[in-house]
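Working notes for the structure below.
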Amino acid sequence: MLFKLFLLFTVVPLLEVVLLLYIDEYTSHGFTLALILLTGLIGATLARRQGWKTSQRIKQELAQGHMPGDSLLDGLLILIAGVLLVTPGIMTDVVGFSLLVPGCRRIIKRRIVRKFKQRFRLRGFTVDAGPGAGEDETPRDVIIDARVVDRDKPDENNHPDE
């Protein structure tokens, strides 16, 4: 984890500076500066617009009594896109703009969800249909007793081999 943070905060900005200097060498200072300002402006505008639409969708889902999990993840990725787009650099702009494309964002969301499912699992799953619930009756309340177990942090109650 420490190595990943080192790469994120040291190597990526260094590569961004080298790439911007390379572009500046083959074009002009004005072009490079305009590129940085233009991608920041366009990115911030797009992120703001998509963020507003997503916040409206979250409010609508909450008003309907639904948990807006997918919309919240969209909102988080749009926020990250906005931060990346106002950060000077070419690689951060590419990643930022890709997070604003709904198709790319959908692929990234699937990967994030898959990663969380791999990391966490449910244990102690029981269902209590309540008294008098027969085969032909539909129980009114279904109680699910579960807990989340982090596979990477074993404790006395966490048995990852089960």
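Please treat every number below as a calculation from the coordinates, not as lab data. Since the structure is predicted, the reported quantities are computational estimates derived from the model, not experimental observations. Virtual Cβ from ideal backbone geometry, glycine too; neighbours counted across all protein chains shown.
Taking the criterion of being under 26 Å from residue 87 (Cα atoms) and charged (D, E, K, R), the residues of the range 40-64 that qualify are 48, 49, 53. Within the range 50-70, identify whether any single residue is of a type in the set (A, V, I, L, M) and in contact (Cβ under 8 Å) with a residue 40 or more places away in the chain, and answer yes or no. No. The single condition among (1) under 24 Å from residue 104 (Cα atoms); (2) more than 21 Å from the chain's Cα centre (by Cα) that residue 40 does not meet is (2). Mind checking whether some residue in the range 41-49 is closer than 26 Å to residue 114 by Cβ, among the polar types (S, T, N, Q) and free of Cβ contacts under 8 Å to residues at least 60 places away in the same chain? Taking every residue of the range 41-49 in turn, none turns out to be closer than 26 Å to residue 114 by Cβ, among the polar types (S, T, N, Q) and free of Cβ contacts under 8 Å to residues at least 60 places away in the same chain.
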